[in-house]
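First up is the structure itself, then whatever we jot down about it.
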Ligand SMILES: [Zn+2]
């Protein structure tokens, strides 16, 4: 007897559930129609999207179905989302709600004390929480991806800036280049922003036109940052990047150094950034530094856009950094001249050479510290010396004052921490790729 009573109750509850579902569908439909019409009749500048965010009441144990349906029909609060349109002011947005003028200005003043409302941008999202008697209880302005400004209007106006909790997800991908690092990356759905970071990361090691060939393999892990309940995400850092060119593997891991910088190191703990030598010669003394001086031959005052190192003829001259020989040959007053391209930003030049090392020619790759030529006095020169230039973004800069990338090598405890860290990054990367 009691068992069959339970059964009928259960059936009744299922029936109620079905009705509840039907009513919701009808309600959603009618809401949808409302949106459409309200859009058409309202100021054409506004996009009003109405979404029911009330907690759906569970099926109640009340016998009176009529009553429970009444309860279901009225949501407790709802949100209206406004996407800021071009030329729209916050005041004009407030006009969509039932505030009197005094309240409108009180809200604007309160918000302006923390956030300048003139900085509202097109497509910025503002959420209005509205209670069951159509009063706005809260305004939420999305300031950026993970910061909201909340204006609580329930009694006094209270404004707070709220940092939203973020969580990150690591994305890992691998692809083979058939066209270019960038184009094939885009084809493999790697975000543009990440590809630009990847190119920067390898710019000290690779000459992208020359080195990257067909069938070069790229492997990358990068961070996507999410905020709870939002489909959008922000892109974070590259965690891991590897490029395999024929037999040459370049591999870098992200690491937060002891001094608090995020930087990239290979498995040996060597920093991706290669420093450029400020003195590409041994045992020389500076005979003329960078700056204005009276030219020893012309006698005119002229800017000296390099550093001169006096040294005996035949003293070896070293490559200031890893790179590719961009020019080698007689170059006017520079005499016998070599220029090395290190990456997109840095070049170095060596002038008045006596001779070039055997094998140094245009397009040849050289490593930092490798001999490229020998001190001489060719071109407009008064005596044996090396004229050395560092060219940064196509401008000659003072090598002695230039803040160069660190070229740091991790040691001791910091290296031990790095080693642990990179093994985790690698395990994650492989796990993501092959899970
Ligand atoms: Zn000089």
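Odds and ends about this structure:
- When the P(r) of region 239-379 is calculated, the portion above 20 Å amounts to 56% of the C-alpha pairs.
- Cβ-Cβ FRET estimate between residue 244 and residue 134, R0 fixed at 41 Å, reported to 0.05: 0.05
- Equivalent ellipsoid, region 202-288 (semi-axes from 5 times Cα gyration tensor eigenvalues, Å): 33, 21, 12
- In range of the label at residue 310: residues from region 373-409 whose backbone nitrogen is under 13 Å from the point 7 Å along Cα→Cβ: 382-386
- Computing FRET efficiency as 1/(1 + (r/R0)^6) for residue 367 and residue 168, where r is the C-beta to C-beta distance and R0 is 41 Å, gives about 0.65.
- Sequence ranges 412-419, 168-175, 228-235, ranked by mean other-Cβ count within 10 angstrom, highest first: 168-175, 412-419, 228-235
- At 0.890 mPa s and 25 °C, Stokes diffusion of region 313-375 via Kirkwood alpha-carbon radius, µm² per second: 217
- Label-to-label distance, residue 330 versus residue 99, with points set 7 angstrom from Cα along the beta-carbon direction: 7.9 nm.
- Under the simplified labelling scheme, the residue 76-residue 156 pair shows an inter-label distance of 2.6 nm, with each label point 7 Å from Cα along Cα→Cβ.
- Net lengthening on full extension, residue 266/residue 123 (0.36 nm per residue, minus Cα-Cα): 47.3 nm
- Taking a quarter of the surface of the Cα convex hull of region 359-435 gives a mean projected area of 10.4 nm².
- Alpha-carbon geometry of region 350-399: the Rg and the Dmax are 12.2, 31 Å, given in that order.
- Length added when fully stretched, residue 258-residue 434, from 0.36 nm per residue minus Cα-Cα: 60.1 nm
- Principal axis extents of the Cα atoms in region 156-238, from largest to smallest and rounded to whole angstrom, are 66, 23, 16.
- Approximate spin-label separation residue 114-residue 217, in nm, with each point projected 7 Å along Cα-to-Cβ: 5.2
- Cα convex hull volume per residue for region 112-162 (Å³): 87
- Average silhouette area of region 94-222, convex hull of alpha-carbon atoms, in square nanometres: 12.1
Each value in this text was obtained by applying a stated rule to the coordinates, not by laboratory testing. Values in this document were obtained by computation on a predicted structure and should not be read as measured data. No Cβ is skipped: glycine too gets one built from the backbone with ideal geometry, and neighbour counts run over all protein chains shown.
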